[in-house]
Amino acid sequence: MPTVIRTALPDDAPALAALHARARATYYPEGLPEEGVDGTALWRGAIERRVGHVLCAVREGRIVGVASFRTSGGEEADAMTLFQFHVDPEHWRAGIGTDLHAACVEEWRADGVRTATLEVHRENRRAQAFYVRHGWQPAEQDEGAGTHLRMRLSVPPGE
């Protein structure tokens, strides 16, 4: 089953919101902290505003992964922040995350990005291990940084 990675479209927002909720529920066993938030509207806004980029992974016509990122802004024009990266739990360990991550890095490289950062929930050890396997390292952070761990990736230069 090949995975197709493409830019998300506004009509994908309901599927992205549902996938996002399923994935986050795996590390928030007591329930999602933002219950009652309209996830479809949030994803549609992220796609339509084009402030960053939203990629989705599609298998057999179904969205099974999503990545949302944008430039960090400020003085670091060559820095990217990965805000959301999720694979449907029903499709874990099928290579979808690896394919989606590779597409992100390829796009960042083409755009001249040199570093990328993300924050991952401290209790989400599975995701942390995934990121480490793909070259991410823990980044410096404030003491008492809360529920999330900051990670950083040095993006290899393009060829």
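Readers should treat all values here as calculations from the given coordinates under stated rules, not as data from a laboratory. These numbers come from a predicted model, not from an experiment. Quick reminder, even Gly has a Cβ in these numbers, built from the backbone with ideal geometry, and neighbours come from all protein chains shown.
Of note:
- For E140 and R62, the difference between the fully extended length at 0.36 nm per residue and the C-alpha to C-alpha distance is 24.3 nm.
- Of the beta bridges in segment 4-154, as assigned by DSSP with both residues counted there, near 85 percent are antiparallel.
- Taking Lys and Arg as +1 and Asp and Glu as -1, the other residues whose beta-carbon sits under 15 Å from that of I47 total +1.
- Contact order relative to length of segment 4-154, as percent, for alpha carbon pairs under 8 angstrom and 6 or more apart: 19 percent
- For segment 48-62, 3J(HN,Hα) computed residue by residue from phi via the Karplus equation (6.51, -1.76, 1.60; θ = phi - 60°) reads 6, 5, 6, 5, x, 9, 10, 9, 10, 9, 10, 10, 6, x, 10 Hz, glycine and proline entered as x.
- Per-residue Karplus couplings for segment 134-140, computed as 6.51 cos²θ - 1.76 cosθ + 1.60 with θ equal to phi - 60°, are listed in order as 9, x, 6, 10, x, 9, 4 Hz, Gly and Pro entered as x.
- Calculated mean residue ellipticity, 222 nm, the chain: -9500 deg cm²/dmol, from DSSP H runs (n ≥ 4) at -39500 (n - 2.57) each, averaged per residue and rounded to 500.
- Sequentially through segment 111-119, phi angles give Karplus couplings (6.51, -1.76, 1.60; θ = phi - 60°) of 8, x, 6, 9, 9, 10, 10, 7, 10 Hz, Gly and Pro residues having no value and appearing as x.
- Site-free segments of the chain were taken between trypsin sites (Lys or Arg not before Pro) in DSSP loops having at most 12 other Cβ atoms within 10 Å, sites themselves excluded; the longest one is 94-159.
- [x] 22, 20, 17; [y] 26, 17, 16; [z] 53, 13, 10, with the label sought being that of the calculated semi-axes √(5λ) of the Cα gyration tensor in Å: [x]
- Highest-MSF residue in the chain out of G65, G146, G135 [GNM, Cα springs under 10 Å]: G146
- Between amide H atoms placed 1.01 Å from N, distances below 5 Å from Q84 occur with S68, all of them 5 or more places distant or on a separate chain.
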